[in-house]
Amino acid sequence: MSAAKKRIVSIMAFALSTSIVVAGCGNNNAASTAESSAKASQPATTVESAGKDEPSKLDPYKITLVYPGDAPKDLLEVQTAMSEYLTEKINATIELKPIDWGSWMEKTNLMFASQEKFDVVITASTLGYYSNVAKGAYLPLDDLLSQHGKDITGVLGDEILSGLKVKGQIYGTPTNKEFAGANGFLFNKALVDKYNIDLNQINKLEDLDPVLRMIKEKEPGITPLFEGNLRFVGSLVLNGQYDGLGDGYGVLNRNSDSLTVIDKTEVPEYMEVAKIAHKWYKDGLVNKDAASVKDWGLMQAGKAFAVQQELKPGKDAEMSMAWGFPVVQKQLDIPYTTTVTVGGIMLALSKTSQNPERAMMFLNLLYSDKTLINMLDFGIENKHFVKKSDTMIDYPEGIDAKSVGYRNEAWMFGNQMNTYLFPNEDPNKWNAFKQFNEEAEKSIALGFAWDSEPVKNEVAALINVSKQFEDAIISGSVDPEVYIPKYREALKAAGLDKVIAEKQKQLDEWAKTK
């Protein structure tokens with residue numbers, strides 16, 4: 001087995017045992033009715049006159065926050081409470097505008113295209129960050145950060161922010177969380193315990209094969225491996241073997257010391273892992289709708305044993321809270337830090353914002369104000385959570401993760417290290433995050449920001465080609481020996497060689513400054 005393949009399919013002796021908090025949130029229809037909670041909020045134009053941002057010197061303004069998630073039933077109640085708090089802080093109210101994950105790209109692209117007015121939006125390289133920067137959908141943040149975002153800079157540091165610049169400008173502020181990525185699987189703990197499965201004995205993908213077959217035989221109502229929602233066996237290669245250099249169209253091989261941009265489909269590991277995935281798919285170890293599922297489906301419903309997952313300290317506790325039943329994690333590679341993982345989830349300002357200064361004040365509070373970030377994440381104290389200490393919370397009596405009226409995904413917003421912990425979490429969680437970041441391998445292209453504007457038409461065509469082939473191949477739904485050559489040919493026809501040449505040119509220019 002090659003050294004490169006061992007990195008992908010071998011489980012490293014790298015044990016992480018901390019916890020994290022996350023859950024679901026928002027519905028676009030429910031949030032759109034929230035206008036009445038902020039009728040007095042109007043676009044402001046006099047923020048510059050408020051030298052120290054005192055609320056009394058600021059005109060009222062409503063901030064609209066757009067983010068992925070499903071709407072909890074108490075969304076408007078939390079929105080009202082946040083508005084009252086923000087009025088005291090920056091004379092602003094807020095509209096929470098969640099959009100379900102399945103339609104996120106379609107709906108946000110329409111919002112940008114129609115010039116819909118809103119202020120703050122979640123973004124990431126996998127959510128169109130670079131293409132939206134290229135088409136001018138986001139505002140540059142450098143001046144706004146220096147005027148109204150000093151706490152953001154203080155929390156993240158200039159190095160992190162500078163590493164995300166595109167054409168010399170900052171367009172997004174990353175969530176302060178883990179800045180590296182690792183890959184592996186989450187397993188239903190009840191089944192792991194029931195069959196005394198020793199996860200330490202699973203040292204490569206082949207070791208998982210008999211475990212999945214045993215689950216298929218002994219648990220006929222359980223899908224051994226759930227795939228969907230961008231979590232596939234082949235994701236082990238896409239996420240762990242490459243630095244995708246922004247969009248994945250032209251990548252660096254993690255195991256190479258060369259800044260040579262390559263086609264990801266030509267690396268042997270891409271085919272090798274796709275073959276394993278296809279075998280499992282044919283043998284009924286994987287759900288048949290793998291390539292089309294856009295949510296957690298069977299896994300969230302407790303009807304699956306395992307799912308591929310990008311991991312970090314306590315990811316199992318995070319998803320246990322989100323799904324309402326315990327899962328355990330097994331890591332398959334050493335953490336890897338790239339420009340994309342540093343900017344794995346960010347907050348950007350829409351160019352249609354009527355008051356970018358106030359929107360930046362709100363962003364600044366998400367990184368500095370513990371009350372606000374926890375209200376956005378977990379709702380209203382004594383209704384959606386109760387405090388057990390200054391750092392720990394739990395659900396009120398008679399309420400659990402599935403019945404609580406409000407929860408958000410804490411990893412998406414601001415300074416996650418200001419968020420409360422739940423009782424099942426390691427009190428040392430944030431120190432574990434820091435250690436995770438420090439121990440990660442660093443890409444030799446860390447800090448490189450891809451500007452796709454010179455080849456935007458080709459990138460758009462490549463995106464369409466990927467939609468036709470990628471998920472089907474890496475989920476195992478089709479024979480990779482037939483479809484990878486077709487995929488490669490379609491990528492080249494769409495202009496991949498031109499994109500690789502442009503990316504190589506930019507990478508070489510970037511390297512001259514490092």
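The values are calculated or read from the model by the stated rules, or taken from the named source; none is laboratory data. If you're wondering where the values come from, they're calculated on a predicted model, not measured in any experiment. A quick note on method: Cβ atoms are made from the backbone with ideal geometry, for glycine too, and the neighbour counts reach across all protein chains shown.
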| If we scan the range 233-244, do we find a residue that is touching a helix residue (DSSP H, G or I) at 6+ places or on another chain (Cβ under 9 Å) and over 22 Å from S443 (Cβ atoms)? | yes
| request: Give the range 167-200 a look and list any residue that's under 17 Å from T153 (Cα atoms) and not charged (D, E, K, R), or say none. | output: G168, Q169, I170, Y171, G172, T173, P174, T175, N176, F179
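Name every residue in the range 156-171 that is within 14 Å of D143 (Cα to Cα) and surrounded by fewer than 12 Cβ atoms within 10 Å (Cβ to Cβ), in order of residue number. Spell out how you get there, then give the answer.
Here is the first cut: in the range 156-171, the ones within 14 Å of D143 (Cα to Cα) are 158, 161-162, 165, 168-171.
Once the filter is applied, which keeps residues that are within 14 Å of D143 (Cα to Cα) and surrounded by fewer than 12 Cβ atoms within 10 Å (Cβ to Cβ), the range 156-171 yields D158, G168.
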| said: So if I check each of A432, A445, which one is over 26 Å from Y171 (Cβ atoms), in contact with a Leu (Cβ under 8 Å, 6 or more places away or on another chain), modelled with pLDDT of 90 or more and not charged (D, E, K, R)? | reply: A432
| note | The residue that is surrounded by the fewest Cβ atoms within 10 Å (Cβ to Cβ), considering only those in the range 396-412 that are under 23 Å from T173 (Cβ atoms) and of a type in the set (A, V, I, L, M), is M412
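Considering only residues that are of a type in the set (V, I, T), assigned to a helix (DSSP H, G or I) and surrounded by fewer than 21 Cβ atoms within 10 Å (Cβ to Cβ), which ones fall in the range 356-395?
Residue satisfying the conditions is T371 alone.
Considering each of K167, K189 in turn, give the residue that is under 27 Å from the mean Cα position of the chain (by Cα) and at negative phi.
Values: K167 fails: at negative phi.
After ruling out the rest, the residue left standing is K189.
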| For the subset of the range 416-451 comprising residues that are crowded, with 21+ Cβ neighbours inside 10 Å and of a type in the set (S, T, N, Q), which member is nearest to D369 (Cα to Cα)? | N418
| task | Tell me, please, whether a residue that is within 28 Å of W101 (Cα to Cα), surrounded by fewer than 21 Cβ atoms within 10 Å (Cβ to Cβ) and out of contact with any Asp or Glu (no Cβ under 7 Å at 6 or more places or on another chain) can be found in the range 488-498. | result | yes
| field | Subset of the range 176-207 [modelled with pLDDT of 95 or more and among the polar types (S, T, N, Q)] | value | N188, N196
| request: Any chance you could count how many residues in the range 467-514 are hydroxyl-bearing (S, T, Y), in a helix (DSSP H, G or I) and touching a residue at least 60 places away in the same chain (Cβ under 8 Å)? | output: 1
| Somewhere in the range 353-373, is a residue closer than 26 Å to S83 by Cβ and basic (K, R)? | yes
| V121 fails exactly one of the following numbered conditions: (1) of a type in the set (V, I, T); (2) part of a helix (DSSP H, G or I); (3) closer than 20 Å to F413 by Cβ. What is the number of that condition? | (2)
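Please go through the range 99-118 and give me each residue that is surrounded by fewer than 23 Cβ atoms within 10 Å (Cβ to Cβ) and part of a helix (DSSP H, G or I), ordered by number. Reasoning before the result, please.
Within the range 99-118, the subset surrounded by fewer than 23 Cβ atoms within 10 Å (Cβ to Cβ) is 100-107, 109-118.
Correct list: W101, G102, S103, W104, M105, E106, K107, N109, L110, M111, F112, A113.
When the range 212-240 is examined, which residues are found to be in contact (Cβ under 8 Å) with a residue 60 or more places away in the chain, of a type in the set (A, V, I, L, M, F, W, C) and assigned to a helix (DSSP H, G or I)?
Here is the first cut: in the range 212-240, the residues in contact (Cβ under 8 Å) with a residue 60 or more places away in the chain are 212-213, 215-216, 219, 221-240.
Then keep just the ones that are of a type in the set (A, V, I, L, M, F, W, C); that gives 212, 215, 222, 225-226, 230, 232-233, 236-238.
Once the filter is applied, which keeps residues that are in contact (Cβ under 8 Å) with a residue 60 or more places away in the chain, of a type in the set (A, V, I, L, M, F, W, C) and assigned to a helix (DSSP H, G or I), the range 212-240 yields L212, I215, L236, V237, L238.
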| List pairs: first in the range 336-357 and among the aromatic types (F, W, Y), second outside any loop (DSSP other than H, G, I, E, B), Cβ under 6 Å, 6+ apart or cross-chain? | Y336/G181; Y336/E441
